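Novice: Take a look at this one; I'll ask things after.
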Amino acid sequence: METGKDLIILVDDNPATLRAGKNVLSKNYDIVTAPSAAKMFSLLENNSPALILLDIDMPEMNGYEAIKILKSKPETSGIPVIFLTGKTESDDELEGLSLGAIDYITKPFQPPLLLKRIEVHLLVEAQKKSLDAARLRADEENLSKSQFLAYMSHEIRTPMNAILGMAELILQEKPAQKIMDKAGIIKNAGANLLVIINDILDFSKIEAGRLDIVPHDYSFKTFIQGVIDIIRIRANAKNLAFETLIDENIPAVLYGDDQRIREILINLLGNSVKYTEKGKITLWASCKSNAESETVLCFQVSDTGIGIKSEDMPQLFTGFTRFDTHRNAGVQGTGLGLAITHQLCTMMGGSINVESAYGKGSVFTVRVPQQYRPGGAVDCGAGGMDRATETQNAAPERANFIAPDARVLIVDDIDYNLQVAEGFLAPYRMRVDCVKNGEQALEKTSAANYDLVFMDHMMAGMDGVEAVAAIRTQEKAKDRKTHVPVIALTSNAISGMREFFIENGFDDFLPKPVEIARMDEIVSRWLPESKKRRDVLPGSDTRRETAVEDIAEEARLDMLKHYKKHFEDGKDADEAYLARFAELVSAFKTHAKKRRGSDIAAADALVAAAKAGDTAAISAVLPGFYNELTAAFAAGKNAAASGVDAAFTARAQALGEALQQGDKAASRSIMKEIAAMPLTEAAQELYVDLYDLFMMDEFEQAQRRLALWLNK
């Protein structure tokens, strides 16, 4: 019968000790006695004692041997054991405690002392169990929170992939300016929303203990240049000066988590841009070595913005806190950026502090310890950090190859994700197959050999992990010599996902929303070299190559205009300056042969004059050369536009006839043909209007709109 008392097993081969112990302990505890270790083990089959009092000197099996067995079995290893023995030597006591006993009491025992020591030990054990239970509950809650974060990350980032991806695809197609403007607004608003989402997820991950610091070797120059390029664009958009001062003694290669440091700097510099209306933003970067292979990176971010009130300073790094809300009502954000920054600095063993004068500006100072490889310092001279001013407005470069013989499989259970991925891959001219689940993916991979597979993680039915395992099994069964690279496509942005995917058979990891640059990097890295063709540009056709050349020639003409003014003003030109000028003229000569089928005679004279350092000859020839190029370029563009207009007009007339006959199917078919054609800006504007009317089934209005355009 259960009494509610703790159960104690008393083990001793002396009956007198058993009787005495039972008499003393039975008032407070349920006591079961055992005359041997064997009997104790028999009792343990049906009992779970709170404590065992164990003698040492016993026949057949002594107490030392018995405790070794107790501690070796999972079901009994947690039972506390007190040795109750006549062995009084300190060596015996030391051995007993080293074998796992929680106490050592010698006989003859004093009843009050025995009771008190048992009481204390059982209280400690109860508290330990309570702590273990609380820890288990906390672990379960953290696991639940992590699972929730993974789910929310997937559910929020999945539609963001479609929003940002589709906007990017529209911009890549270079539609009419009106559409470009609208797509740009969607992309920028989506990017701002993604920053807010990432802040909330990061803060939640920190709270859940799921945000990790992942150190690795990285180039400081590449890291800091990436930060500068991003912020300079934002600063330029608000007409703010952005000054950078980089210590030349910073080691070239550092060991740390550059992504987290980048996050810190983007947060601080981004805030400076947001809260500064005029003046400048300054970034200082320096280092202080405090060991042979350790340095402390120091970053200072200063601005001439609105500053921070002294009463707000104590709560500055508190989450979900925004200050001076009336003044900053138009500034977007969650109030989490500085809280995350503070946590990241702490996690990396660093620090952050701030000095601010309200109405004048702020200075944030971040210090982060990093390991480094001795022997190299970052190059911050010409061509180094200043590169940002030259490249900030350059369009992102797509891949320099096509792969018409390559075959790629995209697996995702959401249609618009398939469309985005397929659209991003279109310039490569690869053969792309799209399926919506793991089962369909296996059918495809069993029937054909793919060069690359993009696999979503969370799908109904067979998910991505299960599908990859099955693909690897297929490869072994078919004895394929090639291993198809499988890239995880996932909206799950919690830490540790890259390692999870690699461990489960994937080759790389591509988070959603998918970025074009990251997609290009993946394709370039994993597509077999044998499938890449570099003889033409990716996705090139006559229209696209012409557009690229036109953009490049327009930029070259602008550069030539600056050289023309330089020589007209009679300014000096050193050897390096003349060499760059000769290189530019040679580029015009090559382009003239390719596009116009004729050489420009003045080009050779200009190159020869540049090599000879004859600036007078250059000044005499260059104006005519520039005028001839400008006229030829304008004529070429007009001719191209005329041809485009003629082709569009022919299809527009056919569309008008189809509309007049009420043939909606033919009308839609012609609209699809027009969508694939190169169009002038005016024609694109007409197409957009017609498309909107078609979507609303307003065919009569579409006919009238088209007739007006044709009559012009």
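The values are calculated or read from the model by the stated rules, or taken from the named source; none is laboratory data. All values derive from a computational prediction rather than experimental measurement. Counting neighbours? That spans all protein chains shown, and the Cβs are built from the backbone with ideal geometry, glycine included. When the accessible area is computed, the model is the full protein with side chains, heavy atoms only, and any ligands, DNA or RNA have been set aside. Shrake-Rupley method; radii C 1.70, N 1.55, O 1.52, S 1.80 Å.
Novice: First measure r as the distance between the Cβ atoms of Ser669 and Ser586, then evaluate 1/(1 + (r/R0)^6) with R0 = 45 Å and state the FRET efficiency to the nearest 0.05.
Specialist: 0.40
Novice: Just subtract the alpha-carbon distance of Ala426 and Val124 from 0.36 nm times their residue separation and send over the number in nm, one decimal.
Specialist: 102.0 nm
Novice: Quick one: if the Förster radius is 60 Å, what FRET efficiency do Glu515 and Ala16 give, using the C-beta to C-beta distance and rounding to 0.05?
Specialist: Numbers: r = 82 Å, r/R0 = 1.36.
Using R0 = 60 Å, I get an efficiency of 0.15.
Novice: Then there's this: Going by Cα centres, region 1-67 and region 253-267 are how many Å apart?
Specialist: 61
Novice: With a probe of 1.4 Å, find how much accessible area region 262-321 has per residue, and write the answer as a whole number in Å². Don't skip to the answer; put the middle values down first.
Specialist: Numbers: 2770 Å² over 60 residues.
It amounts to 46 Å² per residue over region 262-321.
Novice: Could I ask something else about it? Using θ = phi - 60° and the Karplus relation 6.51 cos²θ - 1.76 cosθ + 1.60, list the HN-Hα couplings for region 217-233 in order, rounded to whole Hz, with x at every Gly or Pro.
Specialist: Working through the residues one at a time gives 5, 8, 7, 5, 4, 4, 4, 6, 5, x, 5, 4, 4, 5, 6, 4, 4 Hz.
Novice: How would you order 254-260, 663-669 from highest to lowest mean count of nearby Cβ atoms within 10 Å?
Specialist: 254-260, 663-669
Novice: Once both labels are modelled 7 Å past Cα along the beta-carbon direction, what's the Asn236-Glu140 spacing in nm?
Specialist: For the pair Asn236/Glu140, the computed spacing is 5.6 nm.
Novice: May I pose another question? Amide H of Ala252 versus every other amide H placed in the peptide plane: which residues, excluding those fewer than 5 positions away on the same chain, fall under 5 Å?
Specialist: Gly376, Ala377, Val378
Novice: State the antiparallel share, in %, of DSSP beta bridges confined to region 1-73, rounding to the nearest 5.
Specialist: On the way: 0 of 9 bridges.
Given both bridge residues lie in region 1-73, the antiparallel proportion sits at roughly 0 percent.
Novice: Using 7 Å Cα-to-Cβ label points, what is the Lys288/Ser219 separation (nm, one decimal)?
Specialist: Distance between the two pseudo-spin positions: 3.0 nm.
Novice: Then there's this: How far, in nm, would the chain grow between Asp247 and Met313 when pulled straight, counting 0.36 nm per residue and subtracting the alpha carbon separation?
Specialist: Working: separation 66, 0.36 × 66 = 23.76 nm, distance 2.95 nm.
Fully extending the segment from Asp247 to Met313 adds 20.8 nm.
Novice: While we're looking at this one, here's another question. So what J values fall out for region 258-274 if you push phi through Karplus, 6.51 cos²θ - 1.76 cosθ + 1.60 with θ = phi - 60°, rounded to Hz, Gly and Pro as x?
Specialist: With the stated coefficients, region 258-274 comes to 5, 5, 6, 5, 4, 4, 4, 5, 5, 4, 5, 5, x, 4, 4, 5, 4 Hz.
Novice: Take the Cβ-Cβ distance between Val354 and His562 as r, set R0 to 45 Å, and report the resulting FRET efficiency rounded to the nearest 0.05.
Specialist: Working: r = 43 Å, r/R0 = 0.96.
That gives a FRET efficiency of 0.55.
Novice: Treating cross-link reach as a plain straight distance, find the lysines whose alpha-carbon is under 28 Å from the alpha-carbon of Lys22, omitting any fewer than eight places away in the same chain.
Specialist: Lys5, Lys39, Lys68, Lys71, Lys73, Lys87, Lys107, Lys116, Lys128, Lys129
Novice: Which of Lys571/Lys611; Lys436/Lys532; Lys561/Lys611; Lys238/Lys565; Lys187/Lys436; Lys278/Lys571 have a Cα-Cα distance over 24 Å?
Specialist: Checking Cα-Cα distances, Lys436/Lys532; Lys238/Lys565; Lys187/Lys436; Lys278/Lys571 exceed 24 Å.
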